[in-house]
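Structure first, then comments.
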Amino acid sequence: MSDKMSSKDLSKKITKEYMDEAFHAHDLGKMVGYTTAVSPVELFVAHDIIPIYPENHAVACLSGRMGTELSLATESMGYTSHLCAYARSDLGYRKTGKTATGGIPDPDLLLACNAQCFTLTKWFQVLARKGNVPMFVWDTPEYIKDKKAREEIIKYCVMQLREMIAWMEEVTKRKFDYDRLKEVMKYSAESSLLYKKFLDMAQYKPSPISIFDALIGMAIAVYRRGTQECVEYYQTLVDECQAKVDRGIGVLKNEKYRLYWENLPVWFKFSDHAKLLGSYGGVILTSLYVHAWSLEFDLDKDPLLAMAEQYASVFSNSTIEDRADMAVDLFKRYDMNGMIMFMNRSCKAVSFAVPSLRDILVKRTGIPALVFESDMGDPRFYSETQIRTRIEAYFETLDRLRL
């Protein structure tokens, strides 16, 4: 790849090559494996199974404002509107064939990980039954604070990774290559640290990136972890950001409020929210969500142990206290002075803790919080006037506190 390519062009090139390979997997002697965004995908990569993420495809459809249409198709099959918008979008796509992209190939096998939520596991079980394909569930118990319990959790997770490898060998009729896994882990570790370096550019004033840049940049970290091109992409992204920092270029010329965001984004309001907040001098810098892929693999350890430690301890699988500690660390490092907390009806796993998390963060930072309720993908549950009014009132509150 040319060093002169921009990160945007590199992302397009990597994505096109990735999807072309996925759609021609069988011609190449490979298999397609569906998996969840936070899963030990390095095992798939090392075993020449092309990972496909129904969540990523759902995000593209939801960002393309297809959430209501696809959800209605899913609800017509008897599913509730309270189901995750990702699942509703995916099942609706399978019923109607409608997509914001070229769609995704069907799977040969499925790997679900419940470090994110239990809905994913049930959703993948539906897909496994429909396609009559094998499925493995990597079970990750909540990563509680007790040291002894954590050691047992990690042992249990490593044991399952060994079972997963045996399962992949059985499905593919090929022996797993541990030397190849070490190479894949090296790429994963490098790209993850570069992605973290990119996210940490938000510490500069003015910040050269917003959470919207982080969300766009996150895609390659999800579906191309463990590859050389992933490392090259994030090196390019970091270099571009550093050039902005060196020239004092920020997302906003007059940066006034440096904001924390709790939860996933409202995908169909992506650019609208950036413009609306920017009109008040506000830029959302980060969230725990985007940091879920800033992994720090210890390459001196056994690869399975290194994977278990990182994937089992992501924010969505942690206690409220640990999540609060992670968030407060971001507040300090990025010097944030505001927070917006989204009660996402589509994501109960992340949203159930928002009221408690708000209380802890307000107490520990002294910064007031804006809490609003909506859905990450379905416009039927988004109130434009109400949310705009609450955002306006929140910035008035922040303005008064600055006087």
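Rule-based calculations on the coordinates, nothing more; no lab input. Remember, predicted model here, so these are calculated numbers, not experimental data. Here the Cβ positions follow ideal geometry from the backbone for every residue, glycine too, while neighbour counts run over all protein chains shown.
Counting only alpha carbon atoms, the long axis of helix 354-365 and the longest principal axis of the chain meet at about 50°. The lysines whose alpha-carbon is closer than 20 Å to the alpha-carbon of Lys13, local same-chain residues fewer than 8 away aside, are Lys4. Applying the criteria of a DSSP loop state and at most 16 other Cβ atoms within 10 Å to the trypsin sites (Lys or Arg not before Pro) of the range 119-170 yields Lys145. Straight-line cross-link reach from Lys130 at under 17 Å between alpha-carbon atoms covers these lysines, not counting any fewer than eight positions away in the same chain: Lys95, Lys122. Return, ordered by residue number, the residues of the range 117-159 whose backbone nitrogen is under 12 Å from a label point located 7 Å along Cα→Cβ of Met326. Flagged as within label range: 117, 143-144. In plain terms, the chain from Asp399 to Glu69 could stretch by 114.8 nm, reckoned as 0.36 nm per residue minus the Cα-Cα distance. The angle between the Cα long axis of helix 384-402 and the main principal axis of the chain comes to about 60°, on a 0 to 90 degree scale. Out of every Cα-Cα pair that the chain contains, those further apart than 34 angstrom amount to 28 percent.
Per residue, the average separation of C-alpha pairs within less than 8 Å and at least 6 apart gives the range 207-314 a relative contact order of 34 percent.
Binning the alpha carbon pair distances of the range 1-109 at 5 angstrom intervals from zero yields the distribution 2, 12, 19, 18, 19, 15, 9, 4, 1, 1, 0, expressed in whole percent. Against the longest principal axis of the chain, how steep is helix 119-131, in degrees 0 to 90 to the nearest 10, with axes from Cα atoms? Roughly 40 degrees between the two axes.
Remind me, relative contact order of the chain in percent, using alpha carbon pairs under 8 angstrom and six or more residues apart? Relative contact order of the chain: 18 percent. On a straight-distance basis, which lysines could pair with Lys301 in a cross-link, Cα separation under 23 angstrom, same-chain partners fewer than 8 positions away excluded? Within reach: Lys145, Lys147, Lys148, Lys155, Lys175, Lys182, Lys186, Lys196, Lys197.
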